[in-house]
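Novice: Encoded as structure tokens, here's the structure I'll be asking about.
The values are calculated or read from the model by the stated rules, or taken from the named source; none is laboratory data. In this text the structure is predicted, and so the values were computed from the model without any measurement. Positions of Cβ are generated from backbone atoms using ideal geometry, with glycine treated the same way; all protein chains shown enter the neighbour counts.
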Amino acid sequence: MKKRLGCLHAHYSNIEYIENALSSYELELIHFVDPALMYRVTSDENLQLVDAQNKVKEQIEWIAQSSVDAILITCTNYIAILQEEQLSISVPIIKIDEPYFKCISNIQQPQTILFTNPATVNGTIERLNQYAYNHQKSIDIEVIVMNNTFELIMKGLKHEYNQEISRFLEGIIKEDKIISVAQLSMVDAAKEVEYMSTKQIINPLDPLIASIVTQLKLGKKTAVI
């Protein structure tokens, strides 16, 4: 029987990455998108943390009632806000950043983590440091934020957005550091530069897909002849 994965996104642009990456597996994807919460979290000074936590709890429990086998959260800020112990569900939750954290926390060399969205930096780095601490890992990271770039993807200018990321990556890829991109929206540009340079650029999508396939024990679709 085909498994069902409910996906909670803070922006519509994340849908295609998950759809494309899992398209060859026996899996039904159900997408839920709510950009309003992240907008309020980052711009509304009157929003109380407890109200944001209650909203995420409500969203997760709503998705859990949709007969899904697991829930994927693709927004790090959603994950940071979520109080998992308060949930009254039995559906497993897959967090986009944890397989990525596992990957980069196993690296002992100096590494650079690249962002385009400043609003996701604090939540991601706090969770990364907590993950490293919990797993007794020592990480040497430099965080770089590409300012005035994320607005392009928010305006639907994906080609221009990818160009900016590619240009930046090409400028730093010769440095003697491990490089990773922290957001799904950066994956396409990172893969293109990686292909052209033959130097690995770590991204959050590849370890996430491997984790989903393992956790849900997914099989490949049968080829139609």
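Residues checked against (1) assigned to a helix (DSSP H, G or I); (2) surrounded by fewer than 15 Cβ atoms within 10 Å (Cβ to Cβ); (3) out of contact with any Pro (no Cβ under 6 Å at 6 or more places or on another chain); (4) not assigned by TED's automatic domain parsing to the domain that holds residue 72:
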| site | (1), (2), (3), (4) |
| --- | --- |
| 120 | yes, no, yes, yes |
| 124 | yes, no, yes, yes |
| 170 | yes, yes, yes, yes |
| 174 | no, yes, yes, yes |
| 185 | yes, no, yes, yes |
| 196 | yes, yes, yes, yes |
| 199 | no, yes, yes, yes |
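Novice: A follow-up question, please. Touching a residue at least 12 places away in the same chain (Cβ under 8 Å) and loosely packed, with under 12 Cβ neighbours inside 10 Å - does that describe any residue in segment 149-163?
Specialist: no
Novice: Restricting attention to segment 38-91, which residues are in contact with a Cys (Cβ under 7 Å, 6 or more places away or on another chain) and either outside any helix (DSSP H, G or I) or of a type in the set (Phe, Trp, Tyr) (or both)?
Specialist: 72, 74
Novice: Does at least one position in segment 53-62 carry a residue that is touching a residue at least 60 places away in the same chain (Cβ under 8 Å), out of contact with any Phe, Trp or Tyr (no Cβ under 8 Å at 6 or more places or on another chain) and surrounded by 15 or more Cβ atoms within 10 Å (Cβ to Cβ)?
Specialist: No, segment 53-62 has no match at all.
Novice: I want to confirm something. Restricting to segment 1-47 and keeping residues that are β-branched (Val, Ile, Thr) and in contact (Cβ under 8 Å) with a residue 40 or more places away in the chain, which single residue is surrounded by the fewest Cβ atoms within 10 Å (Cβ to Cβ)? Explain how you work it out, then say what you get.
Specialist: Just the residues of segment 1-47 that are β-branched (Val, Ile, Thr), to begin with: 15, 18, 30, 33, 41-42.
Imposing the further condition that a residue be in contact (Cβ under 8 Å) with a residue 40 or more places away in the chain reduces the set to 18, 41-42.
Values: 18: 22, 41: 21, 42: 13.
For segment 1-47, the residue satisfying everything is 42.
Novice: Check 178, 212, 153, 165 and return the single one that is in contact with a helix residue (DSSP H, G or I) (Cβ under 9 Å, 6 or more places away or on another chain) and in the same structural domain as residue 16 (by TED's automatic domain parsing).
Specialist: One residue alone meets the criteria, 212.
Novice: For segment 75-118: of the residues being buried (at least 16 other Cβ atoms within 10 Å of the Cβ) and among the small types (Gly, Ala, Ser), which is farthest from the chain's Cα centre (by Cα)?
Specialist: Among those that are buried (at least 16 other Cβ atoms within 10 Å of the Cβ) and among the small types (Gly, Ala, Ser), it is 105.
Novice: Being in a loop (DSSP other than H, G, I, E, B) and touching a helix residue (DSSP H, G or I) at 6+ places or on another chain (Cβ under 6 Å) is the filter here, so list the residues in segment 126-145 that pass it.
Specialist: At the first step, the residues of segment 126-145 found to be in a loop (DSSP other than H, G, I, E, B) are 135-140.
Selection gives 137, 139.
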